[in-house]
Amino acid sequence: MKVYFDNAATTAMDDRVIEAMLPFMKNHYGNPSSVHSHGREVRSAIEKSRKKVAELLNTTPAEIFFTSGGTEADNTALVCGIETHGIKHAITSPVEHHAVLHTLEVCEQKGHIQLSKLDVNERGELDLDQLEALLKANPNSLISLMHANNEIGNLNDLNKIGSLAREYGAFFHSDTVQTMGHYVHDLKSLPIDALVAGGHKFHGPKGSGFLYVRKDKKIHPFIHGGAQERNMRGGTENVIGIIGIAKALEIAYEDMAGHEAHIKALKKHFVEKLKAEIPGVEFNGMSADLENSLYTVLNVSLPPSEANAGMLLFNLDLEGISASGGSACSSGATVGSHVLRALNHNPERDSVRFSFSRFNNIEEVDYTIGKLKELYAVEV
Ligand SMILES: Cc1ncc(COP(=O)(O)O)c(C=O)c1O
């Protein structure tokens, strides 16, 4: 059996997304900047996609900019938000994705900002009193705090953070890569200035993404060149990526509650069975709390075991199960997870992140638990 439980790293594309993209690979190949009919038909499809994304997020098309993914969207919001708004101080947390952490660290190394990182407790929760104190002491700050953590599934309260940002005049960016397409984002009511998406996390194509920037917090472009994306991102558009991400978001919104219910049931079963079958199992962050964590992610901490030490992912892979040990984007890297380190996780225990999608089923969960049981039966 082959089981794919690494959906926080990337997801399989939905066939309907592929169908929507195909005509733009075959027939509609014009450059959207060309004024002739071949160009105009493609331009019109891009603008329809932008309108669709804007409608789903309850905002305006003028505030949506297509990018090559979440990383580029994060870089644009942070680097250009800081530069455009004369920001000298930024606040983030040690458990952010590297697309945010490394970008802000470079801004600090270049002397553009002073960077503060909020404390996190052993469950990965942030201290919002500390956030407020930092905002009070540093007017015109930038806040970058993710909606859901890609490794441990912790959810931040964007309304609460955004209200503090408004109160103290801060620019609020959130890395929403893991929640886009899985939760409703209502940008009319959400007090946020910038958020981001990567299409491949919700059954769209890799290399597609978008950035939302609130119209009264406009920023300069990150990539200079032609006038594409209303002068906000030079370069011929990734047309098939744009068509694909908009279609994937549309499908995600069509039955978001149904997808959530299906995936939550799998996760609940996974947690309950693991507790019953593997003595000493624990869960990292808030990920086993079904109501207060990203429903697609479960981060499991297994008891020390000689047979599996450092080999757990490999052993699972041998059984056909694909999962991940830390941050998706650096799975395969030998460095440990900066998120688990920030939580003071016991390095003697092996951790594995299982992440689910609507394409998974209960048989895959049972198969995986069975294999984990066999792997841990050796010494138990
Ligand atoms: C929280 C988070 N932010 C950013 C990214 C990067 O997104 P992309 O792969 O679209 O550049 C990822 C990918 O794993 C992620 O999980």
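The shape of region 1-51 can be summarised by an equivalent ellipsoid whose semi-axes, obtained from the alpha carbon gyration tensor, come to 32, 12, 8 Å from longest to shortest.
Per residue, region 250-380 exposes 45 Å² of solvent-accessible protein surface, assessed with a 1.4 angstrom probe and all protein chains in place. With all protein chains in place and a 1.4 Å probe, the accessible surface of region 200-322 carries 54 percent carbon and sulfur. Which of the three applies to region 241-332, rounded, prolate or oblate, going by the alpha-carbon gyration tensor with a ≥ b ≥ c and a/c under 1.5 meaning rounded? Verdict is oblate for region 241-332. Longest segment of the chain with no chymotrypsin sites (Phe, Trp or Tyr not before Pro) in a DSSP loop having at most 15 other Cβ atoms within 10 Å? Longest site-free region, per DSSP loop and neighbour criteria: 30-358. Within the listed set ALA288, ALA133, ALA77, the residue fluctuating most in the Gaussian network model of the chain (springs between alpha-carbon atoms under 10 angstrom) is ALA133. Highest GNM mean-square fluctuation among GLY153, GLY162, GLY244, for the chain modelled with Cα contacts below 10 Å: GLY162. Between 0 and 90 degrees, the angle of helix 15-26 with respect to the longest Cα principal axis of the chain falls at about 40 degrees. What you get for the chain, charging only the Cβ of Lys and Arg (+1) and of Asp and Glu (-1), is a dipole of about 1360 debye around the Cα centre. Taking amide hydrogens as placed 1.01 Å from N in the peptide plane, the amide H of SER287 sits under 5 Å from those of ASN299, each at least 5 positions away in sequence or on another chain.
Indicate, rounded to the nearest 5 percent, the antiparallel portion of the DSSP beta bridges found entirely in region 1-153.
Within region 1-153, antiparallel bridges account for around 10 percent of the total.
The residue list MET286, LEU118, ALA77 was ranked by how far each Cα lies along the charge dipole of the chain toward its positive end, using unit charges on Cβ atoms, and ALA77 comes out on top. Solvent-accessible area of LEU134, all protein chains in place: 40 Å² (probe radius 1.4 Å, heavy atoms, ligands and nucleic acids excluded). Is the shape of region 132-255 best called rounded, prolate or oblate, per the rule: a/c under 1.5 gives rounded, else a/b larger than b/c gives prolate, else oblate, with a ≥ b ≥ c the square roots of the Cα gyration tensor eigenvalues? Oblate.
Axis of helix 37-56 versus longest Cα principal axis of the chain: the two differ by about 60°, to the nearest ten degrees.
Helix 158-167 and the long axis of the chain differ in direction by around 50°, with both axes built from C-alpha atoms.
Counting lysine pairs in region 1-142 whose alpha carbons fall under 23 angstrom apart, excluding pairs fewer than 8 residues apart on the same chain, gives 6. Its DSSP H runs of at least 4 residues, each contributing -39,500 (n - 2.57), put the calculated 222 nm mean residue ellipticity of the chain at -11500 deg cm²/dmol, to the nearest 500.
What translational diffusion coefficient, in µm²/s and rounded to a whole number, does the Stokes-Einstein relation yield for the chain at 10 °C and a viscosity of 1.306 mPa s, taking the hydrodynamic radius as the Kirkwood radius over Cα pairs? It comes out at roughly 74 µm²/s. Only Cα pairs under 8 Å and 6+ residues apart enter the sum, and on that basis the relative contact order of the chain stands at 23 percent. Only the Cβ atoms of Lys and Arg (+1) and of Asp and Glu (-1) were treated as charged; on that basis the dipole of region 234-380 about its Cα centre amounts to roughly 200 debye.
The values are calculated or read from the model by the stated rules, or taken from the named source; none is laboratory data. Small disclaimer: the values here were computed from a predicted structure and weren't measured. FYI the Cβ positions are ideal-geometry reconstructions off the backbone, even for glycines, and counts take in every protein chain you see. Side chains are part of the model used for accessible areas, which takes the heavy atoms of the whole protein and leaves out ligands, DNA and RNA. Shrake-Rupley method; radii C 1.70, N 1.55, O 1.52, S 1.80 Å.
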